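The values are calculated or read from the model by the stated rules, or taken from the named source; none is laboratory data. These numbers were taken from a predicted model, which means no experiment stands behind them. Here the Cβ positions follow ideal geometry from the backbone for every residue, glycine too, while neighbour counts run over all protein chains shown. With ligands, DNA and RNA removed, areas are computed over all heavy atoms of the protein, side chains included. Shrake-Rupley method; radii C 1.70, N 1.55, O 1.52, S 1.80 Å.
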Amino acid sequence: MVNPIMYNKWLLAVDLDGTLWDHEDVSKMKPPFRKINDCTIVDSRGERLKAYDYMVKLIEWAKENNAIVVTLSWNLVEKATEALKVLGLYDLFDYHLIDPKPIKHILLKKLLDELEKMNISIPPSRIIYIDDHLWHLNDIRKTVGEVFFIHAHRDCNSYETCKDLMIKYLNRVEKT
């Protein structure tokens with residue numbers, strides 16, 4: 001196995017609906033959830049949710065390369081959390097920033113403030129945010145600063161293309 005590239009501490013924020021998994025709104029699903037294979041669950045009505053394998057691998061790679069990895073999602077906390085737990089992905093993340101209100105920018109800012117109190121300083125240039133929608137990007141950039149945004153499944157759509165995009169960005173940031 002190739003040794004991971006050792007980056008300075010950075011943060012990867014990953015949306016859930018339409019980004020980590022194919023379902024567009026886990027909040028509309030009806031628990032309990034049941035796992036039907038490694039990356040797929042169904043709710044009590046048989047509605048299916050499938051995690052994108054390449055996104056899971058990307059998150060694992062980020063963690064191996066000194067990232068703090070967080071969910072950043074506009075969902076009902078209980079349903080999103082249960083889906084993550086049943087999929088076996090809950091502990092893959094260091095923090096869960098999930099709220100039923102569209103306040104991703106506030107959640108991210110609060111986390112950065114908490115990390116500062118623990119003497120972990122993550123400037124906006126060291127934050128990569130992956131989402132399938134642009135809806136929250138302006139608020140995040142106004143509140144947190146110029147984060148690097150990856151439009152999920154458009155800017156990259158495989159483990160290798162996403163990893164390469166992140167490596168290019170992180171290498172550029174490391175030089176500054």
Ordered by number, the GluC sites (Glu not before Pro) in segment 125-176 that occupy a DSSP loop and have at most 13 other Cβ atoms within 10 Å are Glu146
In this structure, the FRET efficiency calculated for Glu60 and Asp164 from their beta-carbon separation, with R0 = 22 Å, to the nearest 0.05, is 0.90
Starting from the 7 Å offset along Cα-to-Cβ, what nm value, one decimal, do you get for the label separation of Arg141 and Lys110? 2.5
When only DSSP loop residues count, what trypsin sites (Lys or Arg not before Pro) in segment 123-155 have their Cβ near at most 16 other Cβ atoms within 10 Å? Arg154
Extension reserve of the Glu174-Lys117 stretch, reckoned as 0.36 nm per residue once the Cα distance is removed: 18.2 nm
Accessible area (Å², per residue) of segment 22-162, counting only protein heavy atoms and a probe of 1.4 Å: 50
Restricting attention to the alpha-carbon atoms of segment 18-176, what are Rg (one decimal) and Dmax (integer), both in Å? 15.7, 51
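Taking 8 Å as the Cα distance limit and 6 or more residues as the minimum spacing, I'd like the relative contact order of the chain as a percentage.
Details: 288 pairs, mean separation 42.3, N = 176.
Relative contact order of the chain: 24 percent.
In whole Å, what three semi-axes, largest first, describe the equivalent ellipsoid of segment 1-96 built from its Cα gyration tensor (square root of 5 times each eigenvalue)?
Semi-axis lengths for segment 1-96 are 26, 14, 10 Å.
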In segment 1-89, carbon and sulfur make up what percent of the accessible area (probe 1.4 Å)? 53
Degrees separating the helix 53-64 axis from the principal Cα axis of the chain, which is the longest one: 40
Testing the spin-label approximation: label points 7 Å from Cα along Cα→Cβ at Asn157 and Leu134. State their distance in nm. 1.9
